[in-house]
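Asks: For reference, the structure I am asking about is given below.
Derivation of every value follows stated rules applied to the coordinates shown; laboratory data play no part. From a predicted model like this one, the values you see are computed outputs, not experimental measurements. Every residue, glycine as well, gets a Cβ built from its backbone with ideal geometry; the counts of neighbours run over all protein chains shown.
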Amino acid sequence: MTDRVLLLGDPRLRVVCETVQDVADPDFRRENERLKAALDAFRAKRGFGRGIAAPQIGIPRRFIALNLGAGTHSLINPAITWRSPETFTLWDDCMCFPELLVKVRRHRSISITFLDEGGQPRTREQVGPAESELLQHELDHLDGVLATDLALDARSIIYRAAFDDAPAHFQSQVDYVIQGTIS
């Protein structure tokens, strides 16, 4: 059985997460496997989902799991080291409110540092828009920030079903659309 993703309103989603101290710690290793399994299960059930942050399953630690098409892996203690001055708007979604989309503004590109699952320091420099918006979304979770907090205005939260009924209408309202499924 996999962990259930917490839903919007759960106070555990508002916690500022603690740094992972030791990637070899057996407790952390179990938590990491739980997070990756939760992402894989959500993707299998819903057909979308590229990333999940530890607090989304009630683990108050600074790590995320990603699957960008080449398998699920984790980034530990990720931190943004650079943000492009250019921004864009998009319809963001979240596993914590899978029936909603939120129009937000994100940096077009960012750079990050993190530890890989073996504890080795890594960087991703000036990533493209799709990865940039995803990483910003997941790193916000580590600080207790949700996409709903970043909605551009009162009209910027919609049901996914409304989007699905009129995608061209809603896509025309933003600068950037993730190709394929919205996730």
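Asks: Karplus couplings for region 110-125 from phi (6.51 cos²θ - 1.76 cosθ + 1.60, θ = phi - 60°), rounded to Hz, Gly and Pro as x?
Replies: Working through the residues one at a time gives 9, 10, 9, 10, 6, 9, 7, 5, x, x, 7, x, 9, 9, 10, 9 Hz.
Asks: Continuing with this model, one more query. Taking neighbour Cβ counts within 10 Å as the exposure measure, how do His137, His169, His73 sort from fewest upward?
Replies: His169, His73, His137
Asks: Ok, one more. What ranking do Asp116, Asp140 get, fewest neighbouring Cβ atoms within 10 angstrom at the top? Please list the in-between numbers first.
Replies: Numbers: Asp116 13, Asp140 19.
Listing Asp116, Asp140 from fewest to most nearby Cβ atoms yields Asp116, Asp140.
Asks: Can you list residues whose amide H is under 5 Å from Ile157's amide H, if they're 5+ apart or on another chain and H is modeled 1.01 Å from N?
Replies: Close amide H contacts, sequence-distant or interchain: Lys103.
Asks: If you project the alpha carbons of region 1-63 onto the principal axes, what extent comes out on each, in Å, largest first?
Replies: Here the Cα extents, ordered largest to smallest, are 33, 25, 20 Å.
Asks: Roughly how tilted is helix 26-46, in degrees to the nearest 10 and between 0 and 90, from the longest Cα axis of the chain?
Replies: It is inclined by approximately 30 degrees.
Asks: Sticking with this one: With θ set to phi - 60°, apply the Karplus curve 6.51 cos²θ - 1.76 cosθ + 1.60 along region 147-157 and write out the HN-Hα couplings as whole Hz, x wherever there is a Gly or Pro.
Replies: Listing the rounded values in order: 4, 4, 5, 9, 3, 5, 6, 5, 8, 9, 10 Hz.
Asks: Something else now. Between Gln120 and Glu33, 0.36 nm times their residue separation minus their Cα-Cα distance comes to what?
Replies: The Gln120-Glu33 span can extend by a further 29.5 nm.
Asks: While we're looking at this one, here's another question. Can you pull the Rg over Rh of the chain, Cα-only, Kirkwood? Walk me through the numbers before you get to the answer.
Replies: Values: Rg = 15.8 Å, Rh = 16.6 Å.
Checking Rg against Rh, the ratio lands at 0.95.
Asks: Further, regarding this structure: Hey, what do the phi angles of region 5-11 turn into as Karplus ³J(HN,Hα) couplings, whole Hz, using 6.51/-1.76/1.60 and θ = phi - 60°, x for Gly and Pro?
Replies: Once θ is set to phi - 60°, the couplings for region 5-11 become 6, 5, 9, 2, x, 5, x Hz.
Asks: Just need the relative contact order of the chain here, percent rounded to a whole number, with Cα pairs under 8 Å and 6+ apart.
Replies: Worked out over the chain, it gives 23 percent.
Asks: Quick check on the exposure proxy: order Ile52, Ile112 from fewest to most C-beta atoms within 10 angstrom.
Replies: Ile112, Ile52
Asks: For region 63-100 and region 1-42, write down the distance between their C-alpha centroids in whole Å.
Replies: Value for the Cα centre distance between the two parts: 15 Å.
Asks: Taking amide H positions as placed in the peptide plane 1.01 Å from N, state which residues far from Val20 in sequence (5 or more) or on other chains have amide H under 5 Å from it.
Replies: Distant-sequence amide H within range of Val20: Arg62, Asn77.
Asks: So how tilted is helix 129-142 from the main axis of the chain? Cα-based, degrees 0 to 90, rounded to 10.
Replies: Around 60 degrees separate the two axes.
Asks: Give me the one-decimal nm value for the distance between modelled label points at Arg4 and Trp82, 7 Å along each residue's Cα-to-Cβ direction.
Replies: Each label point lies 7 Å from its Cα, and together they span 4.4 nm.
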